[in-house]
Amino acid sequence: MDSNFFSGRTTSELEALQKEHEEKTLKIQELKRQIELTKHLLEEKKNKVTEERKAVFNTLSERYNSLREEHNALLAEKKRGSVSRPPIKHVYVRRNKKKTDSLLQCFCG
């Protein structure tokens, strides 16, 4: 067999392997960039959700404190024997129950 035939074939195979290696290296670099971008986007989303949950928690806490104060006031009135009408806030809470439920679902769900 001719040695030029083997060396020519080996050179073309080597060039093909080098080209394949370069393509795979570029693909790996692109995938690494995509991974880093995805990590960054997930971290941003996580922080956003955390802040939203904090805001919902604060809203619910304020509403709870308001209802607790109202309850205590009603108990004080009841002890004096002068409860004759439902409190205004109680009606407000009934009307906004759907909103409260959605806030609870957002926070707890």
### Message
Taking 0.36 nm per residue of sequence separation and subtracting the Cα-Cα distance, how much length would be gained by fully extending the chain between GLU77 and TYR64, in nm to one decimal?
### Response
2.7 nm
### Query
Would you list GLU51, GLU20 from the most to the least accessible area, probe 1.4 Å?
GLU51, GLU20
### Message
Could you check the spin-label model distance between ARG33 and THR10? Points 7 Å from the Cα along Cα→Cβ, value in nm.
### Response
3.7
### Message
Once R0 is set to 35 Å, what does the formula 1/(1 + (r/R0)^6) return for the Cβ-Cβ distance between ASN47 and LYS24, expressed as a FRET efficiency to the nearest 0.05?
### Response
0.50
#### Entry: LEU17-ALA55 pseudo-label distance in nm [points 7 Å out on the Cα-to-Cβ vector]
5.9
### Message
To make sure I understand the rule: partners must be aspartates and glutamates, Cα under 16 Å from the Cα of LYS79, and not fewer than 8 residues away in the same chain. Which ones qualify?
### Response
GLU69, GLU70
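The values are calculated or read from the model by the stated rules, or taken from the named source; none is laboratory data. Note that the coordinates shown come from a computational prediction; the quantities given were computed from them, not determined experimentally. Glycine also receives a Cβ, built like all others from the backbone with ideal geometry; neighbour counts cover every protein chain displayed. Keep in mind that these areas ignore ligands, DNA and RNA; they rest on the heavy atoms of the full protein, side chains included. Shrake-Rupley method; radii C 1.70, N 1.55, O 1.52, S 1.80 Å.
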